[in-house]
1. Where does each of 900-906, 128-134 land if you order them by average Cβ count within 10 Å, highest first?
2. Arranged from highest to lowest average of other beta-carbon atoms within 10 Å per residue, in what order do the peptides 758-766, 311-319 appear?
3. Between Thr17 and Asp615, how high is the FRET efficiency from 1/(1 + (r/R0)^6) when r is the Cβ-Cβ distance and R₀ = 45 Å? Nearest 0.05.
4. First measure r as the distance between the Cβ atoms of Glu496 and Asp911, then evaluate 1/(1 + (r/R0)^6) with R0 = 60 Å and state the FRET efficiency to the nearest 0.05.
5. For a footprinting-style exposure proxy, rank Ile724, Ile687 by other Cβ within 10 Å, fewest first.
6. Would you mind ranking Ser286, Ser166, Ser363 so that the residue whose beta carbon has the fewest other beta carbons within 10 Å leads the list?
7. Run the numbers for Glu520 and Leu861: contour at 0.36 nm per residue of separation, minus the present Cα-Cα distance, in nm.
8. Evaluate the distance, in nm, between pseudo-label points positioned 7 Å from the Cα of Asp596 and of Val70 along their respective Cα→Cβ axes.
Amino acid sequence: MLEDVYAALETSERGLTSDDARERLEREGPNEIEAEEAISPLQIFIDQYKPALIWVLIVAAAVMALVGHVIDAGVIAGVVVFITVFGFLQDYRAEQSIQALKEMSTTYAMARRDGEKTELDATKLVPGDIVFVESGDIVPADARLLEESNLSVDEAALTGESVGVSKEVGEVDTETSLAERENMLYKDTVVERGSGMAVVVETGPESEIGQIATALEEAEERDTPFQAEMDRLGKLIALGVVGIVSVIAVTELVIGDTPPLQVFLTAVGIAVSAVPEGLPAVVTLSLALGARRMADQNALVRRLPIVEALGSVDVICTDKTGTLTEEEMTVQRIVANRETYEVTGTGYDIEGEFRRDDTPVDSDRVAEVMRCGMLCNNVDVGTRERDADDGEAGESGGRERTYLGDPTEIALFVAAQKAGFDHDELDEAYPRLGEVDFTSARKRMTTVHETPDGEIVAYMKGAPETVLERCDRELVDGKFVDLTDERRQELEAQTESFAEDALRVMGFAYRPDVPDDQTETPDESLEQEMVFLGLQGMLDPPRPEVPGAIEGCLDAGINVVMITGDNAVTARAVGKEVGLRSTRVVTGPELEEISDEELREIVDDVDIFARTSPDHKTRILKTLQSKGHTVGMTGDGVNDAPAVKNADVGIAMGIRGTDVTEQASDIVLLDDNFATIRDAVKGGRRIFDNVRKFVNYLLSGNGGEVTMIFTGTLAGLGLVITPIQVLWINVVTDGIPALTMGVDPAADDVMEREPRPPDEGVITDRIVTSIVGIAIFMTVCLLPLFTLNFYGELVPGYDVTGAVLGWSPGYEVGRELAQTMVFTGFVVFEIVRIQAVRFRYGLGLFSNNWLVAAVGIAVVLQLLVLYTSTGQLLFDVEPLALVHWAQIGIAAAVFALLMAAFVKVQDRYFDRY
């Protein structure tokens, strides 16, 4: 009883006094949910220094500075600054975009304080307050309904239910599910229709939505597999550098007579060559460019590494309403004059026609049922400014029509417009005199109107069974026909047929002879001896691009699972419409009855989960993850936030999503469209391919440098290439082309492959063999260039053995040219190598114009080093003659042939990528 509610809350229908409210506010706290705090700019900047590879570079710069190689140290430090600043700017921009999506204005509530209606800041509400809501309001707190008039609430943010819930005053069993508590209003849900008065029972964290938000604290932020692998790679490189340097140093000191300073400089040179200075910058820029491209396609990336994680997703759990469907109920079928008609057009577009057997018919055939649908309707019509990207401005100088009300009533309203009815004209011709409200118990609504002829008529709409029981006649071709039992059975069968196709069916009737005493204050006694007009079946139609997107995902080995709060019939019909793999449906109540082990056995075979709760969504997610799946999870309401945060890739809806869910997500869809998820996955796979390509390219190049220096040192040749020359190759002539590989187009088969296994990293067995093989081939081809030019430039009269081991003038002259040959040879070899890496992905030389330009820039920069006095001074090089270029060309040709033969061997033992 309501008296018990008042007593429990120590309040009354007059509401609280200001003093009581102030005291409770201090005790209970404000009526707000603390969302995840925005990440501070300082924290974003500090996070850029977490990867191990960054610290490897910092140590390398410090070592170079200590041994007096200031320029080298400056170059490495510059790379570190560039990586961290660029990463900071990208992450900061994403965080700012998320903050911009949040609601900026204060929410107000109408409450009764000190016995008077007062507008309050909603955060000041406390249990015991009496609040008032009406169409368009956001419910400010959890509240027990005291009074209502035709009240319907959109609770999708809480329950996932796409259809508005009719509310009524009364008692509900405590075991009743959240979605069926008709006497309760819940915080942050939206009033679609009608008005009501309620007493606040819970606020802030104690509200239903607040409790769900609190559950997010249990979900920890996890690194993506890519982040973990890059960190592991950095540590391996650090250990490898220490190991190689130690071996070289010990070897030189034990078996050679090289001065200790020269040994140290050689070790430093090897260390510099082993560290891929350009790799972090290339990875960061590639992910950032991918994120930017995804933002252009309406997917806002909150964390850069998640771009790559998309490529390994093999299950996408998606909402139905608004993601797979338009979220705009549309009348699709009509029964009138004992015939069935199809209605074309979707959403709130009033363009459409009526068809029978695929033949257009005049709208007069459905006029009466359409008129009833528009008159017996409480939709409010308004206008809004068109967005700049909405296309050409429509009527009223750039404004477009909007509708406020129950989605079902909006669908009827739009359908009537397709039949040529204008609301303002119809309302003027048939002014409303009275109304019998819709309630969930009655399941119908009746309005009374005066016709242009001065007659008083009543129009009714509602659930078909409740309308039919009030009718004794049917209107057929303008004549009244008795509604026989046989005809009733036919209409019931049509209603069931519509429902099987997931259509929500409404029945329509009218009464031509309304008694005088029912004109202004009609009641239920008016609803008898009605004339049946027909049926209208409506559906939230699938987005037109969704079936193709789902087909693309299935072809890519990605299973799509629909998880919805809607009923099983609707979910199955939509699943069939959009092309899900099967239409097996498991409902929330069925989930409650099965164990976790039983769910594990069936989860891979279920494509649709209906009537689910937030707990069900998280349980499904964790079951899929326990079976080794990489799961992308979509969500919009606060109820979805825990599942979104725990998913491998959490995807929030930007249009209808709540702040809490957006904060819990990795990606925010700016258009709420499933096709955008498909495009994002394709983008993620493309980016991963590109990352794998330039990791292969850069590490194999660095491996060649290490092997070349190591071999030259063991052969007693000293440094075959200087540290600053290695830096130049790694950062400039390698780095610039590698950066442009980040925008390589997708391979033709990128969405035809199976998803990458979660435990398969960037570096595969094939890439490891490539690094080793290319290192050997580079050394085999470049070492002869060094020795030929080194010995060929010795001053006559000097002993060759002494020159190799000593510091004679002849030794220095030969070394500079030989080092220049190796230095330039590496640059040319890398240019040959870059296309060899791309060729396996089916990419031609000119498929990436940025890469062509980058290679051109790298060549020009190398020529500037060789043929300008500044370049010769900084890099200790000599200008090369034509004969030297011929030698490099021959060596490059041999290198290309060795690579081609090696690839053929690899193809026999490894996958293509």
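A short reminder: the numbers here are calculations on the coordinates, not readings from a lab. These numbers were taken from a predicted model, which means no experiment stands behind them. For neighbour counting, all protein chains shown are included, and Cβ atoms are generated from backbone atoms with ideal geometry for every residue, glycine included.
1. Details: 900-906: 13.1, 128-134: 21.6.
Highest to lowest by the protection proxy: 128-134, 900-906.
2. Values: 758-766: 15.7, 311-319: 24.6.
Listed from highest to lowest mean packing, they are 311-319, 758-766.
3. 0.70
4. Numbers: r = 52 Å, r/R0 = 0.87.
For Glu496 and Asp911, the calculated efficiency is 0.70.
5. Working: Ile724 19, Ile687 27.
Fewest-to-most Cβ neighbours within 10 Å comes out as Ile724, Ile687.
6. Numbers: Ser286 26, Ser166 21, Ser363 16.
So the ranking, lowest neighbour count to highest, is Ser363, Ser166, Ser286.
7. Details: separation 341, 0.36 × 341 = 122.76 nm, distance 8.89 nm.
That works out to 113.9 nm of additional length.
8. 6.3
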